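> Handing you a structure now.
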Amino acid sequence: MPAEVRSYFRDVDDHLRTVTERVANFDELLTTLVDATLAKVSLRQNSDMRKITAWAAVIAVPTMGVGIYGMNFDYLPELHWKLGYPVVMSVILGVCFVLYRVFKRNRWL
């Protein structure tokens, strides 16, 4: 090979290595950005799932109370008591309020 062609190929090889390094750096940067975005999305999904779970727990309490009293048993002690309904409603609302406060304090809501 003539000397001028060798010089040309050395120059092309140098440019090729530079471009290859740049592409590798961009690839690493893109991978890092994708990982960061996926971590952010995962964090947001976890936060949303906490909120959904907390609200499901709060709603489960009245559902359980209504389920028990909706079975039409005649031997539940509160059925023939004059203050049975207000006491049961107060207990259900109190438990819901306590759950709400606990979840709010723990930043789930």
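> Looking at the stretch 54-88, which of its residues are within 21 Å of Tyr100 (Cβ to Cβ) and small (Gly, Ala, Ser)? Outline the logic, then answer.
Step one: filter the stretch 54-88 for residues within 21 Å of Tyr100 (Cβ to Cβ), giving 54-67, 86-88.
The answer is Ala54, Ala56, Ala57, Ala60, Gly65, Gly67.
> Tell me whether the stretch 86-104 contains one or more residues that are at pLDDT below 90, touching a Gly at 6+ places or on another chain (Cβ under 7 Å) and not small (Gly, Ala, Ser).
yes
> Give just the number: which of (1) surrounded by 14 or more Cβ atoms within 10 Å (Cβ to Cβ); (2) aliphatic (A, V, I, L, M); (3) not in a loop (DSSP other than H, G, I, E, B) does Ile68 not satisfy?
(1)
> Looking at the stretch 1-52, which of its residues are among the charged types (D, E, K, R) and more than 30 Å from the chain's Cα centre (by Cα)? Steps first, answer last, please.
The first filter runs over the stretch 1-52 and keeps only residues among the charged types (D, E, K, R), leaving 4, 6, 10-11, 13-14, 17, 21-22, 27-28, 35, 40, 44, 48, 50-51.
Selection gives Glu4, Arg6, Arg10, Asp11, Asp13, Asp14, Arg17, Glu21, Arg22.
> Can Asp74 be described as surrounded by 10 or more Cβ atoms within 10 Å (Cβ to Cβ) and either of a type outside the set (Phe, Trp, Tyr) or not in a helix (DSSP H, G or I) (or both)? Steps first, answer last, please.
Details: surrounded by 10 or more Cβ atoms within 10 Å (Cβ to Cβ): no; either of a type outside the set (Phe, Trp, Tyr) or not in a helix (DSSP H, G or I) (or both): yes.
Criteria not met by Asp74.
> Being part of a loop (DSSP other than H, G, I, E, B) and free of Cβ contacts under 8 Å to residues at least 24 places away in the same chain narrows it down to one of Trp81, Trp108, so name that one.
Values: Trp108 fails: free of Cβ contacts under 8 Å to residues at least 24 places away in the same chain.
None of the others qualify; the one that does is Trp81.
The values are calculated or read from the model by the stated rules, or taken from the named source; none is laboratory data. No experiment lies behind these values; they were computed from the predicted model shown. Positions of Cβ are backbone-derived with ideal geometry, glycine not excepted, and every protein chain shown enters the neighbour counts.
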